[in-house]
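Written below as structure tokens is the structure these notes are about.
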Amino acid sequence: MSRLLALLLALGAPRPGATQAGAITSTITGTVTGPDGQALVGAIAQATSVTTQVTRGQSTDARGRFTILFPESEGQYQLIVRYFGMVPARLTVVRQVHEVRLPASVRMDLGALPNPIDSILTGRHPLRLSATQTARLREISDSLHAQNLATSDSHMLQALEQARSVLTAYQWAQLSNALGTPGSRHPASPAASVQEAARQDAAPARPAPSAQGAAQQQTAPTPRTWAVYTGLSNVYDTNLDHSPAGLESYGVLVGLGGWYRHRSSGTTVAAQYDGVFRNYTGTTIWNRPGHDASLSINQRMGPHWAVGASAEALINGSAEDRVLRNEYSVQPEVEYRFNRSNRLLLYGEYLLKRYPSPLASQNAVDPRVGVRFRQLLGAGRTWGVGGRYDYNRADTTRYRFKGWAVIGDVASPLWAGARVSSNVRYRVRRYTSRLVELGTTKVLRRDDDWVATITWGQMLARSWEVFLSYQYETYQSNDSRREFLDHWVGLTFNRWW
């Protein structure tokens, strides 16, 4: 009897690890990252059990991680991740037999809102933003307006991160939960979404909208992948031909150009064209059209690395010198991003220089290698510094030289739609065989070139922009016949179509 009682007790006792009411048996865990591979803090991850229709959620931590617990032993879950300004991510997580932790990492893409910070400001009353919060968000929004129509992903991601830091966790959750209904592929109208999120916190649950009502929802515009512009510039140049005597000239320049950009799965393909028709006083040499066309491709290789390559062709112009020549270049590059604000770029360049027939002896191959560091300081402010080494191998030894350059730049928004930028370049050229006479001796020629530029830009009515620029250049050499000083002022109006 004692043995039978023991056997019955053993069979009736629960087995180790069996499911009990209320026990946590399914854990959905993962990491949410942005299009740049960096962790997204404050993303809202919500999972719904297909079996019980129970929904649970959690916001991501400082490392972009989330953990959602369910008291179910098996089944599947519908996971949706929202982050304001990005396309909601949806996926199905299926629990396998004896599986407890369900991995579900998510990579999100930027949404269709041209300026999501404007959307937050539109809904400032339902969100109950303070005056300080509103003022700070306006600064962030103005920084995006000042970036022109082709705002980069980096600036957009930084603006969203800054907006999240301005808002409280509750306000940010309201925004992230307002990104459209579970059945829609696009976020709803920004202002309506913010107001609706605020109303839902105070109102009882309502039935889902009808198909007709959902069809009438206003959706955000599709992200623009291209733009075309026309421009008109008036310039004054104290030394158009960069000679010791100097040719003072006024000029009218008519510009036409545009860009195209396509993004997909971490890959960005971009093309750009800029054309100009020149008409200067006092000369006919420079009154000829110029063209600049480029094509680039960049691929994200994880949260920190990116690789890319670009090709460019300039006709009747130069990227750095005041000369009429054709340039063709190919530039591979590798970028390391320490975080969203700091990045280091290593690049190489193979540059062909082709001069018109009277100057064909100056034709050259100019291989280059360089490094650039850039930091985004917030609210659209940036600064960068870089260096480069090159060896100009001309067809004739007279024009061969080795050189290096140091470049620095800084940019900052001023007020709504306004931005100021400045850059400085110091360049040295050491000729390998070209001699100049200094008294009774001959030495190799050495040139030093300083160029400083400052530009103020202002967006007008979204489609117009105006630029006022000033450039100072001084060229020094141990060959006094090559020295010059130049001041250049330009006023440009562009119309985007």
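The values are calculated or read from the model by the stated rules, or taken from the named source; none is laboratory data. None of these values were measured; they are calculated from a predicted model. In this analysis, Cβ positions are derived from the backbone assuming ideal geometry, glycine residues included, and neighbour counts consider all displayed protein chains. Protein only, heavy atoms only, side chains kept; ligands, DNA and RNA dropped before computing areas. Shrake-Rupley method; radii C 1.70, N 1.55, O 1.52, S 1.80 Å.
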Task: Distance in nm between pseudo-label sites at residue 397 and residue 227 (7 Å out along the Cβ direction from Cα) - done: 5.2
TODO: Based on a Kirkwood Rh over C-alpha pairs, give the Stokes-Einstein translational diffusion coefficient of region 364-491 at 25 °C and viscosity 0.890 mPa s in µm²/s.
DONE: 142
- [ ] Round to the nearest 0.05 the FRET efficiency obtained for residue 480 and residue 291 when R0 = 35 Å and r is the Cβ-Cβ distance.
- [x] 0.50
- [ ] Give me the distance between the Cα centres of region 469-484 and region 370-410, rounded to whole Å.
- [x] 19
Task: 10 Å-binned pair-distance histogram of region 398-444 (Cα, whole percent) - done: 21, 26, 21, 16, 12, 5, 0
- [ ] Multiply the residue gap between residue 260 and residue 105 by 0.36 nm, knock off their C-alpha separation, and tell me the result in nm, one decimal place.
- [x] 52.7 nm
TODO: Give me the Debye-computed log₁₀ of I(q)/I(0) at q = 0.09, 0.19 Å⁻¹ for region 228-366, equal point scatterers on Cα only, no solvent, two decimals.
DONE: -0.39, -1.15
Open item on the list: Under a crude label model (7 Å from the Cα following the beta-carbon direction), how far is residue 371 from residue 125 in nanometres?
Closed with: 5.5
- [ ] State the percentage of accessible surface on region 254-294 attributable to carbon and sulfur atoms; use a 1.4 Å probe and exclude ligands, DNA and RNA.
- [x] 59
- [ ] For region 253-318, take the alpha-carbon Rg, divide it by the Kirkwood Rh, and send me Rg/Rh.
- [x] 1.20
Open item on the list: I need the fraction of alpha carbon pairs in region 376-429 separated by more than 15 Å, rounded to a whole percent.
Closed with: 61
Open item on the list: Given Cβ point charges of +1 (Lys, Arg) and -1 (Asp, Glu) and nothing else, what value in debye, to the nearest 20, does the dipole of region 345-497 about its Cα centre take?
Closed with: 420
Open item on the list: If you count only protein heavy atoms and use a 1.4 Å probe, how large is the accessible surface of residue 493, to the nearest 10 Å²?
Closed with: 90
Open item on the list: About the Cα centre, and with charges only on the beta carbon of Lys, Arg (+1) and Asp, Glu (-1), how big is the dipole of region 436-497? Nearest 20 debye, please.
Closed with: 200
Task: Residue-span extension gain [residue 454 to residue 433] - 0.36 nm each, minus C-alpha spacing - done: 4.0 nm
- [ ] Report the extension gain between residue 169 and residue 67 in nm, rounded to one decimal, defined as 0.36 nm multiplied by the number of residues separating them, less their alpha carbon distance.
- [x] 34.9 nm
Open item on the list: Tell me the per residue accessible area of region 420-488 using a 1.4 Å probe; a whole number in Å² is fine.
Closed with: 55
Task: Kirkwood hydrodynamic radius of region 220-272, from inverse mean 1/r over distinct Cα pairs, in Å - done: 14.6
Open item on the list: Quick check on region 300-384: what are the equivalent-ellipsoid semi-axes from the Cα gyration tensor, as sqrt(5λ), descending, whole Å?
Closed with: 33, 15, 9
Task: Descending principal axes extents, region 315-436, alpha-carbon based, whole Å - done: 50, 29, 29
Task: Cα centroid of region 413-464 to Cα centroid of region 279-348, whole Å - done: 16
Task: Förster-model FRET efficiency, 30 Å R0, residue 243 and residue 311, C-beta, rounded to 0.05 - done: 0.35
